[in-house]
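Only one structure is covered here, and it is reproduced in the block below.
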Amino acid sequence: MKRKSISINSVFYNGISQLSDAQIGGLVRALVKWAQDETPQRLEAEANMLFKLMVEGIERKSLVYAANGMRGGAPHGNSNAKTNKTNKSNKFGNASTDTGIAAGGDASISAVRFVKPTLSEVQAYSSERGNIIDASAFVDYYESSGWMVGNKRMKDWKAAFRNWERRRGEANHAGNSEGSKARYGTVIS
């Protein structure tokens, strides 16, 4: 694959500084030639070792760039970045996965992205657990807060729902059913 450009990481400075000017010239020439047609170049032992490390780093970086391009390509922290709105359900039915590049350079699952549940999903989970929490109150509460828990994005709505159940049970034990209705919704009979 012909490359338009390559970048050399500054971590190679110490290794490059140990080479003679002729070896550095041969290394740069070999990198440029490799970028054009990816043919291995013959170099002296020290320069060859750096060449192989640099090529490995360039190829790893290319895989990362390719994976980022599939996700929109915007760098992390870019305020103009658009979020991926694809709703893919995994086996748990509540999140989609992003494909990233693992340390070895192989594509693997690297992150699980939260997908907000529908009211019917919450109602089904509520009936499955046989609890007393009003599913619409739960959905409305978190819709109004942007599915945030404190100042962090929610990761698992089912865990948050179980916390609502737990708090509802604690409020009943304390004899404060009116306060818990206001906070956790009405009791379903």
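The values are calculated or read from the model by the stated rules, or taken from the named source; none is laboratory data. Everything numeric here is computed off the predicted structure, so don't read it as measured data. Note that we place each Cβ from the backbone using ideal geometry, even for glycine, and neighbour counts take in every protein chain shown.
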Original post:
Restricting the stretch 128-140 to residues that are without any contact (Cβ under 8 Å) to a residue 12 or more places away in the chain and outside any loop (DSSP other than H, G, I, E, B), which is surrounded by the fewest Cβ atoms within 10 Å (Cβ to Cβ)?
Top reply: Glu128
**OP:** Within the stretch 157-174, track down each residue that is charged (D, E, K, R), without any contact (Cβ under 8 Å) to a residue 60 or more places away in the chain and under 14 Å from Pro117 (Cβ atoms).
**Re:** Arg162
Original post:
Considering only residues of the stretch 1-23 that are hydrophobic (A, V, I, L, M, F, W, C) and touching a residue at least 12 places away in the same chain (Cβ under 8 Å), which is nearest to Ser62 (Cα to Cα)?
Top reply: Ile6
**OP:** Quickly run through the stretch 38-59 and pick out the residues that are acidic (Asp, Glu), assigned to a helix (DSSP H, G or I) and within 33 Å of the chain's Cα centre (by Cα).
**Re:** Glu56, Glu59
Original post:
Do any residues in the stretch 41-57 that are among the basic types (Lys, Arg) have Cβ atoms under 6 Å from those of residues that are not in a loop (DSSP other than H, G, I, E, B), where the two are at least six apart or on different chains, and which pairs are they?
Top reply: none
Subject >> Every residue from the stretch 24-38 that is closer than 21 Å to Ser62 by Cβ and either aliphatic (A, V, I, L, M) or out of contact with any helix residue (DSSP H, G or I) (no Cβ under 7 Å at 6 or more places or on another chain) (or both) >> reply: Leu27, Val28, Arg29, Ala30, Leu31, Val32, Lys33, Ala35, Gln36, Asp37, Glu38
**OP:** Would you mind telling me which numbered condition in (1) in a loop (DSSP other than H, G, I, E, B); (2) surrounded by 11 or more Cβ atoms within 10 Å (Cβ to Cβ); (3) modelled with pLDDT under 85 Thr83 fails?
**Re:** (2)
**OP:** Working only within the stretch 39-69, note down all residues that are closer than 13 Å to Ile8 by Cβ and loosely packed, with under 14 Cβ neighbours inside 10 Å.
**Re:** Glu56
Subject >> Residue in the stretch 147-156 that is nearest to the chain's Cα centre (by Cα), counting only those that are farther than 14 Å from Val115 by Cβ and exposed (fewer than 14 other Cβ atoms within 10 Å of the Cβ) >> reply: Lys152
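Residue-by-condition table, conditions (1) closer than 30 Å to Val64 by Cβ; (2) at pLDDT below 60; (3) polar (S, T, N, Q); (4) not in a loop (DSSP other than H, G, I, E, B):
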residue: Asn90; (1), (2), (3), (4): yes, yes, yes, no
residue: Ser108; (1), (2), (3), (4): yes, yes, yes, yes
residue: Gln123; (1), (2), (3), (4): no, no, yes, yes
residue: Ser126; (1), (2), (3), (4): no, no, yes, yes
residue: Phe161; (1), (2), (3), (4): no, no, no, yes
residue: Thr186; (1), (2), (3), (4): no, yes, yes, no
